[in-house]
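Step one of this worksheet: look at the structure below.
The values are calculated or read from the model by the stated rules, or taken from the named source; none is laboratory data. Because the structure is a prediction, the values reported are computed rather than measured. Every residue, glycine as well, gets a Cβ built from its backbone with ideal geometry; the counts of neighbours run over all protein chains shown.
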Amino acid sequence: MDQGEQVYAQMAKPFDIDDLIKRCKLAGLDLSEDLAKAMATQTISWVKESCQIHSNVMLRLFAPMLDAVRAPIMAELDKIDGKIG
């Protein structure tokens, strides 16, 4: 599991902003690079889950592609503080 990623109750409706805010608060977002990584992790998970439960089949097909972008996004965010790791 990536930093900040936790298991939550199943989302009730797609792209629920209140659900995303709750997830971010539970992740304890406080430092800039840590905040960015946790926010990205939570957002990717939230978008993926939303796509999986959406009535639009095209969005449901898009969900697995989000796993492919996670690593490059995290690599870029890791550069925020000027150090790797």
* To do: Look at LYS25 and say whether it is modelled with pLDDT of 75 or more and among the basic types (Lys, Arg).
  => no
* To do: Could you list, in sequence order, all residues of region 62-75 that are surrounded by 11 or more Cβ atoms within 10 Å (Cβ to Cβ) and part of a helix (DSSP H, G or I)?
  => PHE62, LEU66, VAL69, ARG70, ILE73, MET74
* Structure fact -> Result of the Cβ filter at 6 Å on region 50-64, keeping first residues that are within 8 Å of PRO14 (Cβ to Cβ) and partners that are assigned to a helix (DSSP H, G or I) and of a type in the set (Asp, Glu), at least 6 apart or interchain, is none
